[in-house]
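Remarks on the structure that follows.
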Amino acid sequence: MIKNSNSFIMLCLVMLLPFFQVAAQDLTGDEVKSLEKYSAIKGAHGIVVPGLKLSEEQMKWWQDAKFGMFIHWGLYAIEGKGEWAMFNNKIPAEEYAKLAETFNPQHFDANQWAKVAKEAGMQYMVLTARHHDGFALWDSPSSYGDFTSYTTAAHRDFVKEYTEACRDVGLGVGLYYSPMDWRFPGYFKPLELAENAALMKKQGYGQVEELMKNYGEIDILWYDGGWLAHSGSDADAAWFWEPDKLNTMVRSYQPDVVVSPRSGWEGDFQCNEGRKPITGPIIPTPWEKCLNLNQTSWGYNPKQNLMSLKDIIVMLVNTVDRGGNMLLNVGPDAQGVIPATHIERLKEVGDWLQQYGESIYGTRPGPFEPIDNVYGTVQKGNQIFVHLLEVPETLQLPPLNKKVVACKQMPFGTALNFAQNENGITVFLNNLNPDPIVGTLVLEVE
Ligand code: GLC
């Protein structure tokens, strides 16, 4: 079943994962980088803090949810060059700050965002409450220099509107927060400009506390950018951010919040970021693929390069078949509007999930290891779902210690012939209606 050497390395890494929880702290920077390269997993090396991680029971809703919406939205939407515009274009902080005086989104409607996410079949949302540019989308007394949507042109607390809208329609409420902030020279030179760096840290602790304290129950805290001096990994900067203290404070307000690994603490799940395809065996730890619907940039960009419906569904099933969740990003424009093309594509995803959602939500990977580009399986109760990435004449599955009593094609339940013996299960696919997206079968077991 091991198809190439990369899969083999991946398998070894995955088998070693439980040990990384402790041993990863002892890895050198280069070793950590090579781990990230092979596993594409960020945060596998974060510091371990006894008692901080959620239990399996507390993680259940998140592992059942499978699919969420990421939203990158902030001042950078005005320029439409992505969320790294300030840094990439070397815009001085004072000049960048002027954007706040024109940021007054007339069409921002959090209920509309929530509706789009619901219709796409998503179960939770994660909004960039504050990205690396330092602009906070809420009433944030801890903000350095009052750089918030509440104290500038918009005079609105978007986080409040957003959290309420998510809850109204039963979506999990997620907030993204970047501890680091490009406005602070101390971020780039934490040793030489220690006092300035300390101000950034104070802001970070203050703002995280506001978000955890003032907006009701928060389901996900999605840190990103617990770096320092623009180099190394999040965990390399743990000496500075002290993510153990930070997240102990978080737990005191939100005992059940699911936390990402990007503050330098290992977190409750691992991240796999970007559009690289998901291959290899099942990953036996909670993890999430995050990627961009418009592949040009996370933040609003008029240049559209949307993932196709098929690419989205293939990524989703490859993720879910290996035990992960998928967080798909949209970048609303400066008026707060999610581009119509995004909405249309997401609606198509929602239509697919209407028909095939049974094979996604609430499932767990297995019982068979996926075979890259061929199939992957998940299970729920007495059902095994098979996602076919190609359609051979007969499908050969490994042996199973339970009796298969029926095999059907989803969504309409066309029965398929099959045979089972000690060598495995053979499904005859000549009756199968080829599906242009991903053919999905359901095996019922005793
Ligand atoms: C990277 C980027 C950031 C983006 C994030 C999403 O860390 O710095 O702009 O928000 O990925 O995962």
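Read-outs throughout are calculated quantities, based only on the coordinates presented, and are distinct from any laboratory measurement. Note that the structure is predicted; figures quoted are calculated from it, not measured. When we count neighbours, we look across all protein chains shown, and the Cβ atoms used for this are built from the backbone with ideal geometry, even at glycine.
Positive end of the dipole of the chain, charges at C-beta (+1 Lys, Arg; -1 Asp, Glu), about the Cα centre: which of F188, S260, V116 has its Cα farthest in that direction?
Comparing the listed Cα positions along the dipole, V116 ranks first.
Would you list which lysines come within 23 Å of K403, measuring only between C-alpha atoms, while excluding same-chain residues fewer than 8 positions from it?
K380
Are there trypsin sites (Lys or Arg not before Pro) in the range 37-133 that DSSP marks as loop and that have at most 10 other Cβ atoms within 10 Å, and which are they?
Working: sites: K37, K42, K53, K60, K66, K81, K90, K98, K115, K118, R130; in loops: K53, K66, K81, K90.
Those that pass, being in a loop and sparsely packed, are K90.
Given the Cα-Cα distance of A406 and E393 and 0.36 nm per residue of separation, how much length would full extension add, in nm? Please report the intermediate quantities before stating the final value.
Working: separation 13, 0.36 × 13 = 4.68 nm, distance 1.84 nm.
Extending this stretch completely gives an extra 2.8 nm.
Using a Förster radius of 22 Å, what is the FRET efficiency between A93 and K303 based on their Cβ-Cβ separation? Nearest 0.05, please. If you can, show how the numbers build up before the last one.
Numbers: r = 26 Å, r/R0 = 1.19.
Once rounded, the FRET efficiency stands at 0.25.
For the pairs K60/K213; K118/K202; K53/K160, note any where the Cα-Cα span goes beyond 31 Å. Write down the numbers at each step before the final one.
On the way: K60/K213 24 Å; K118/K202 36 Å; K53/K160 27 Å.
Over 31 Å Cα-Cα: K118/K202.
Among residues other than K347 whose Cβ falls under 12 Å from its Cβ, what is the net charge (Lys/Arg +1, Asp/Glu -1)?
Details: positive: K115, K118, R345; negative: E119, E344, E348, D351.
Computed value for this residue: -1.
Compute the FRET efficiency between A198 and Y361 as 1/(1 + (r/R0)^6), taking r as their Cβ-Cβ distance and R0 = 41 Å, and round to the nearest 0.05. Display every interim value, and only then the final one.
Working: r = 45 Å, r/R0 = 1.10.
That pair, A198 with Y361, gives E of 0.35.
Using the crude model of +1 on Lys and Arg Cβ and -1 on Asp and Glu Cβ, and no other charge, please compute the dipole size for the chain relative to its Cα centre, in debye to 20.
Result for the chain is approximately 460 debye, rounded to the nearest 20.
Say R0 is 45 Å: what FRET efficiency, to the nearest 0.05, do D168 and N382 get from their beta-carbon distance? Mind showing how you got there, number by number?
Working: r = 35 Å, r/R0 = 0.78.
About 0.80, to the nearest 0.05.
Against the longest alpha carbon principal axis of the chain, how many degrees, from 0 to 90 and to the nearest 10, is the axis of helix 29-39 turned?
Once rounded, the angle reads 40 degrees.
Could you work out how far helix 56-65 tilts from the main Cα principal axis of the chain, as a 0 to 90 degree angle to the nearest 10?
Between the helix axis and the principal axis of the chain, the angle is about 80 degrees.
Restricting to DSSP H runs of at least four residues, report the calculated mean residue ellipticity at 222 nm for the chain, -39500 (n - 2.57) per run over all residues, nearest 500 deg cm²/dmol.
Details: 14 runs with 142 residues, N = 446.
Computed mean residue ellipticity for the chain: -9500 deg cm²/dmol.
Relative to the longest principal axis of the C-alpha atoms of the chain, give the angle of the C-alpha long axis of helix 309-320, reported between 0 and 90° and rounded to the nearest 10°.
The angle comes out near 80 degrees.
Of K310/K347; K90/K276; K81/K303, which pairs sit farther than 19 Å apart, going by alpha carbon to alpha carbon?
On the way: K310/K347 13 Å; K90/K276 29 Å; K81/K303 9 Å.
Among K310/K347; K90/K276; K81/K303, the Cα-Cα distance tops 19 Å for K90/K276.
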